[in-house]
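Participant: My structure is below; once you've seen it, I'll send some questions.
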Amino acid sequence: MSKKASSDDSDLEDLVGSETAPLNLDHLTKATMDVSGSRYQSNAPGISDLVSAQCSYLCYAYPCCCGTVTFFTVGMVMFLLLSAVTNPYEYFGLVGDASFQSQLSTANVDHWCLKGDNDSCRCDDPLEPMPRTEFKTWSMAHKANKESIQAYVDSENLDVAFIGESLVEEMDGRWMGRTQAGVLKEVSSLFQQNFSRDKSGIEGIALGVAGDTCPNVLYRLQHGEMPKDFNPRVWWIVLGMNDIGRMQCSEEIVVMGIMRIVEEIQRHKPDAKIVINSMLPMADLRGGMYPLMNDYKDGLRSKTLNTAIARPKNFPAGAGVGTSVKYYRPKTTTTVLEKHHHPEKFVRPIPKMDIEEVKEDETEKEEDKEEKEEEEKDAKEDKKEEEEEKQDAKEDKK
C-alpha cells in the first residue's frame, strides 16, 4: 500500500518538476497585418443596412402593414411585366396620305381656344389625324369597330353609318370597346329596333369611341373604319362635344375638324350622303349640380335644320361641301336635356324620314342614270346611221 502511494507521488513530483517548453509565438507577428482606417470604417452600417434594419423592424412591429405593402409591390411588378408582354398595340406614329392636300387651312384661324386665346386649351391640329393609342381601351374600341364593319363589306344593305364619340358608341351598347350591361344594354336594344332591316326596314351601324375628338375620328377613318368595300348610303357625323367640352377648342377649330372629316369621306365615297348632326346643348356644371333649362337657352333657340356651321370662314368657295351634306338638329332637344349629358335612355339619332328621302333620291338618281344611258345609246345609233348614209351616198357617186 505504501509502496503504491510512493510511486504515485513520484509521478506527481516528476510532472511538477519538469520544465515546460516556452510557447513560440513569433510566427504570428512575422506577417504584416492590415489595420488601416478604411478597413475599420467598412464595419460601420451603411444606408442600405439602416433601411434594411428599419424595414425589418417595421415588419416585426407591424406584420399586417408589411404584408400589405409587399403584396401590392409584387402585384405592381407583375402588372408591369404582363403589360409589357401582352401590349395589344404598336405605335407607328401619324400615318396619312402625303399625296392629298386638304383645301382647309389653319393659317387664318382667329383663335384656337374657347376663351379667345391660343394657350388655354389642348387642341390638336384639326386637319391632321391623331390616334389615342396610349390608351389600350381606345385601341380595343377601334378594333371592335373594324370587326363590326366586316359584316357589311361588299354589302348593299347598309343604309346609315353613325361615326363619332361616346353618344354613338353607346348606341351599340359599348363603352371603350367593351359591351356593357344595364342601361347601355337597353340603349343597344332600342337602337337595334330602329336600325335593323328586319324590324324597321333600315339597317344601321354605330362606329363611336368615347372621348374622341375630330382628329381621332379622322385617324380611325384612315385606318380601317372606312375601307374601300364598305359603302353605307349615309354617313351620319356626331362630333364636337369633346373638342369643345374636354379640349376647350374654339368653335372655328371644331367646325374645321368636322369639315375635314366631311372632306375625307367625300374623297373616298363621292356618292354617299353626309349628315352633320348639331351638337347637343352643353353647360359648365359646378359642384355636381344638375343643369337648369336656362343653362341651355342658347341651344334651345333653334330646333330646325342648323345651317350656321355651313363652312368655316376660310373654307375655299365651292370646295368640298355640296348638296350631299345636310345639317340636322334634333327637334326634341328638351327631352334630351332631361337625360343630362348622355341621353342613356333616349336614342333618336336619325329620323326615319331622312333615310327614306335618301332612298328616294338614290332611286331618282338611278332612273336618271338609266335615261341618260338610253339617250347616249340612241345618239350613238343615230350617229352610226348617219355615217352609213354618208358612206352609201359616196358609193352612189362613184
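The values are calculated or read from the model by the stated rules, or taken from the named source; none is laboratory data. Everything quoted here is computed from the prediction, not taken from an experiment. Positions of Cβ are backbone-derived with ideal geometry, glycine not excepted, and every protein chain shown enters the neighbour counts.
Participant: Can you name every residue in the range 189-213 that is within 18 Å of the chain's Cα centre (by Cα) and in a loop (DSSP other than H, G, I, E, B)?
Facilitator: Listed by number, the residues that qualify are V209, A210, G211, D212, T213.
Participant: Something else about it: For the condition modelled with pLDDT under 90 and under 30 Å from K365 (Cα atoms), what is the one hit in K228, K185, K199?
Facilitator: On inspection, the qualifying residue turns out to be K199.
Participant: Please enumerate the residues belonging to the range 228-260 that are in contact with a helix residue (DSSP H, G or I) (Cβ under 7 Å, 6 or more places away or on another chain) and more than 21 Å from S102 (Cβ to Cβ).
Facilitator: F230, R233, V234, V238, I244
Participant: Kindly indicate whether T179 is free of Cβ contacts under 8 Å to residues at least 24 places away in the same chain and among the hydroxyl-bearing types (S, T, Y).
Facilitator: When the stated conditions are applied, T179 passes them.
Participant: When the range 148-188 is examined, which residues are found to be in a loop (DSSP other than H, G, I, E, B) and within 22 Å of the chain's Cα centre (by Cα)?
Facilitator: Listed by number, the residues that qualify are E165, D172, G173, M176, G177, Q180, A181.
Participant: I need the full set of residues from the range 192-240 which are touching a residue at least 60 places away in the same chain (Cβ under 8 Å) and of a type in the set (V, I, T), in order please.
Facilitator: I202, V209, T213, V234, I237, V238
Participant: Just to be sure, is K136 modelled with pLDDT under 90, out of contact with any Cys (no Cβ under 9 Å at 6 or more places or on another chain) and among the basic types (K, R)?
Facilitator: Yes; evaluated as a whole, the condition is true for this residue.
Participant: Of all residues in the range 209-219, count the ones that are under 22 Å from Q180 (Cα atoms) and either surrounded by fewer than 24 Cβ atoms within 10 Å (Cβ to Cβ) or modelled with pLDDT under 90 (or both).
Facilitator: Looking only at that region, the number is 2.
Participant: When both residues are 6+ apart or on different chains and their Cβ atoms are under 6 Å apart, which pairs have a first residue that lies in the range 147-176 and is loosely packed, with under 12 Cβ neighbours inside 10 Å, and a second that is part of a loop (DSSP other than H, G, I, E, B) and not hydroxyl-bearing (S, T, Y)?
Facilitator: D154/D229; N157/E203
Participant: Here is a further query. All but one of (1) touching a residue at least 60 places away in the same chain (Cβ under 8 Å); (2) surrounded by 23 or more Cβ atoms within 10 Å (Cβ to Cβ); (3) assigned by TED's automatic domain parsing to the domain that holds K199 hold for P126; state the number of the condition that does not hold.
Facilitator: (3)
Participant: Taking the range 231-250, which residues are surrounded by fewer than 22 Cβ atoms within 10 Å (Cβ to Cβ), part of a loop (DSSP other than H, G, I, E, B) and more than 16 Å from the chain's Cα centre (by Cα)?
Facilitator: N231, R233, Q248
Participant: If I filter the range 274-297 for residues that are polar (S, T, N, Q) and modelled with pLDDT of 90 or more, do I get at least one hit?
Facilitator: Yes: one or more hits.
Participant: I'd like the full set of residues that are polar (S, T, N, Q) and over 21 Å from K146 (Cβ atoms), limited to the range 178-195.
Facilitator: S189, Q193, N194
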